[in-house]
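J.: Quick one: the structure is below, questions incoming.
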Amino acid sequence: MPAGALTPREREVLRELATGDTYDAIAHRMNLSRHTVDTYLRRIRRKTGTHARVGLLRLAFKLADEQS
């Protein structure tokens, strides 16, 4: 999956997920509803073919490495 396939907001949600916090904590920090965070993560899963949270975390770390 090309990194450009994710929107900036999806990337931001992934970065937040990498902190290990719950969806509720991420939503609070980003001033979003929990449902919105879940929607972003479902879109990311669909775009990347990732089905588990662990896969999303791997993707988040990979994108962080690419930005370094």
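Here, each number is a calculation from the coordinates, and none is a lab measurement. This structure is a prediction, so every number in the text was calculated from the model and none was measured. No Cβ is skipped: glycine too gets one built from the backbone with ideal geometry, and neighbour counts run over all protein chains shown.
J.: Please list, ordered by residue number, the helices (runs of 4 or more DSSP H) wholly in the chain having 2 or more residues that are surrounded by 13 or more Cβ atoms within 10 Å (Cβ to Cβ) and small (Gly, Ala, Ser).
T.: Once the helices (runs of 4 or more DSSP H) in the chain are filtered for at least 2 residues that are surrounded by 13 or more Cβ atoms within 10 Å (Cβ to Cβ) and small (Gly, Ala, Ser), what remains is 23-30, 53-67.
J.: Okay, next question. Quick one: count up the residues across segment 45-65 that are in contact with an Asp or Glu (Cβ under 9 Å, 6 or more places away or on another chain) and closer than 14 Å to Ala18 by Cα.
T.: 1
J.: When segment 40-54 is examined, which residues are found to be more than 10 Å from the chain's Cα centre (by Cα) and on the phi < 0 side of the Ramachandran plot?
T.: Correct list: Arg46, Lys47, Thr48, Thr50, His51, Ala52, Val54.
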